[in-house]
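Written out below as structure tokens is the structure these notes cover.
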Amino acid sequence: RFSDLGGMLPEPREHELLARFVGEGAVFIDIGANVGAYALWAARRVGQAGLVIALEPHPRTFAKLLFNRAANGAENLHCLNVAAGPDTRTATLSFDGGGNVGGASLLAGAADTGAVMPVAVRPLAVILSEHKIGRTDVIKVDVEGYEDRALLPYFDHAPMSRWPKTIMIETVLSDRWERDCLAELAALGYERAAETMENVILRLAR
């Protein structure tokens with residue numbers, strides 16, 4: 001069951017396309033986990049031999065994520081109340097102040113701002129190192145136009161042996177990127193494996 005998700009997973013096409021890359025024993029990193037639609041799904045697929053790390057900075061959404069983890073008995077899911085970003089700092093998270101916490105963003109103007117709050121930001125490489133994560137198999141990133149800041153610094157510092165085999169990245173707000181995620185990842189050897197109207201799945205070809 002997926003408590004607080006209405007019994008149905010959002011983005012069913014994305015889950016279907018991503019499923020072939022998320023297998024038993026995999027390490028799945030969910031950047032912008034929200035209430036856990038991907039994190040809980042991945043926890044089931046990777047099994048007890050695998051691991052899911054879910055990053056969600058919004059405290060109210062994070063509380064729902066923790067509830068859903070407990071309700072689903074997902075012991076292989078580790079939830080962290082932090083945002084991935086280019087450096088360690090406190091940043092302002094903007095959101096609509098109502099129920100649409102999924103639209104929260106660290107970019108001014110990317111969310112329908114009705115409220116703001118300070119949240120912790122740390123580089124993904126630092127987060128994974130602190131939790132002794134030596135490899136990543138799949139990274140999913142959906143952070144409302146902040147995808148480049150959340151993801152690309154990892155590749156600036158992490159050795160290739162720690163690069164994920166698969167990345168799913170939301171592209172709806174790609175016009176807000178400072179760095180072109182798709183172009184930079186292509187230059188690193190990632191190729192498009194699948195795409196939908198909102199997301200692109202990339203596979204490391206070398």
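The values are calculated or read from the model by the stated rules, or taken from the named source; none is laboratory data. Small disclaimer: the values here were computed from a predicted structure and weren't measured. With ideal geometry, Cβ positions are generated from the backbone for all residues, glycine too; neighbour counts draw on all protein chains shown. Quick note on the areas: whole protein, heavy atoms, side chains included, nothing else; ligands and nucleic acids left out. Shrake-Rupley method; radii C 1.70, N 1.55, O 1.52, S 1.80 Å.
Remarks
- Filter pass, GLU170 being open to solvent by 30 Å² or more (accessible area, probe 1.4 Å) and touching a Lys or Arg at 6+ places or on another chain (Cβ under 9 Å): no
Per-residue answers, yes or no, for (1) under 22 Å from GLU147 (Cβ atoms); (2) surrounded by fewer than 21 Cβ atoms within 10 Å (Cβ to Cβ); (3) touching an Asp or Glu at 6+ places or on another chain (Cβ under 7 Å):
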residue	(1), (2), (3)
VAL46	no, no, yes
VAL52	yes, no, yes
GLU56	yes, no, no
PHE62	yes, no, yes
ASN72	no, yes, no
ASP87	yes, yes, no
THR90	yes, yes, no
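- Scanning segment 155-183 for residues that are in contact with a Gly (Cβ under 9 Å, 6 or more places away or on another chain) and under 14 Å from GLU144 (Cα atoms) yields a total of 7.
- Scan of segment 21-69 for residues that are more than 12 Å from the chain's Cα centre (by Cα) and part of a strand (DSSP E or B), ordered by number: VAL27, LEU51
- Count of residues meeting criterion [open to solvent by 50 Å² or more (accessible area, probe 1.4 Å) and modelled with pLDDT of 85 or more] in segment 1-33: 5
- Every residue from segment 140-176 that is among the acidic types (Asp, Glu) and within 13 Å of ALA125 (Cβ to Cβ): ASP156
- Within segment 92-102, tally of residues that are surrounded by 15 or more Cβ atoms within 10 Å (Cβ to Cβ) and modelled with pLDDT under 85: 4
- Screening segment 134-159 for residues that are touching a strand residue (DSSP E or B) at 6+ places or on another chain (Cβ under 9 Å) and surrounded by fewer than 16 Cβ atoms within 10 Å (Cβ to Cβ) and picking the one that is farthest from GLY25 (Cα to Cα) gives GLY134.
- Index of the failed condition, ALA115 passing every other in (1) crowded, with 16+ Cβ neighbours inside 10 Å; (2) in contact with a strand residue (DSSP E or B) (Cβ under 7 Å, 6 or more places away or on another chain): (1)
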